[in-house]
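The values are calculated or read from the model by the stated rules, or taken from the named source; none is laboratory data. Please read all numbers here as calculations on a predicted model, not as lab measurements. Ligands, DNA and RNA are excluded from the accessible area calculation, which covers all protein heavy atoms including side chains. Shrake-Rupley method; radii C 1.70, N 1.55, O 1.52, S 1.80 Å.
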Amino acid sequence: MTTLQLRASDGNVLSAYLVKPQEPARGAIVVVQEVFGVTSHIRRVAEQYAAEGYLAIAPAMFDRLEKNVDLAYDASGLERGLSLMGRLDDAAVLADVNAAIDAVSHAGRVGAVGYCWGGKVAYLSACHTNVAAAVAYYGGGIAQALDHKPRAPVMFHFGEKDPYISATDVAAIRKSYPAGVYHLYPAGHGFNCTDRADFDAASAHLALERSVEFFRQHVG
């Protein structure tokens, strides 16, 4: 586990949490944060993927605006995180994702997995970067970004009790991108995060199993 400094194509310098697998890497995974920053949860996700044999990297997507953002999973943290997110455009975000991809591409094919806002970023990465596959967990905003079409396979995880992503949104994504792999869980938003009230252990475990199998198929 180490912290890298990355440089995006537009000159932005950002930090990234890097975790190496114990064995030679079978590929790499870019872990894209929620609006709360590179929290302990996001770092644990990177560690999970390293344990599965991938070189895992979690870029600090808010470094472009403010360094070391790590917000609490509460109302004030959400408000501040959404404010930061709203100040970033897709081109800047994807430049930072590409910097992370470049940093780990020596390990082989690269996949992306993202949570909440990061789910949308993972989806856009499948549309506009050279990732081999992407997994979007409860990706808020994907339904509003369907004019972007994936060039790489995408798996989606949604909670059936998610107050932010409606069944109508999920249906719209399915209709726009029928080639996607879709999974629904009896859970709310953020069900994968142990630090959130909506954490659902059974759903999180199953979603991780499915995600790892998906990356085994498409990344290595």
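Element breakdown for the chain at a 1.4 angstrom probe: carbon and sulfur atoms account for 50% of the accessible area.
Solvent-accessible area of Phe156, all protein chains in place: 0 Å² (probe radius 1.4 Å, heavy atoms, ligands and nucleic acids excluded). An oblate overall shape is assigned to segment 37-149, the ratio a/c of its alpha-carbon gyration tensor axes (a ≥ b ≥ c) being 1.5 or greater and a/b not exceeding b/c. Compare Leu55, Leu124, Leu184 in a GNM of the chain, Cα atoms joined below 10 Å, and give the one with the largest fluctuation. Of the options given, Leu184 has the highest mean-square fluctuation.
The heavy atoms of Lys20 offer some 140 square angstrom of accessible surface to a 1.4 angstrom probe.
In terms of distances greater than 23 angstrom between alpha carbons, the cross-link table entries Lys120/Lys175; Lys120/Lys149; Lys67/Lys149; Lys67/Lys161 yield Lys67/Lys149; Lys67/Lys161.
Among the DSSP helices (H) of the chain, those spanning at least 20 angstrom by Cα along their long axis with an average Kyte-Doolittle hydropathy of 0.0 or more are 90-104; this is a geometric and hydropathy rule only. Per-residue SASA remark: Ser40, around 50 Å² accessible (1.4 Å probe; ligands, DNA and RNA not included). In the chain, the DSSP beta bridges split such that about 35 percent are antiparallel, to the nearest 5.
What is segment 108-220 by shape, rounded, prolate or oblate, if you read a ≥ b ≥ c off the alpha carbon gyration tensor as root eigenvalues and call it rounded for a/c under 1.5, prolate for a/b larger than b/c, and oblate otherwise? Verdict is oblate for segment 108-220. For the chain, the spread of Cα coordinates along the three principal axes comes to 39, 38, 34 Å, biggest extent given first.
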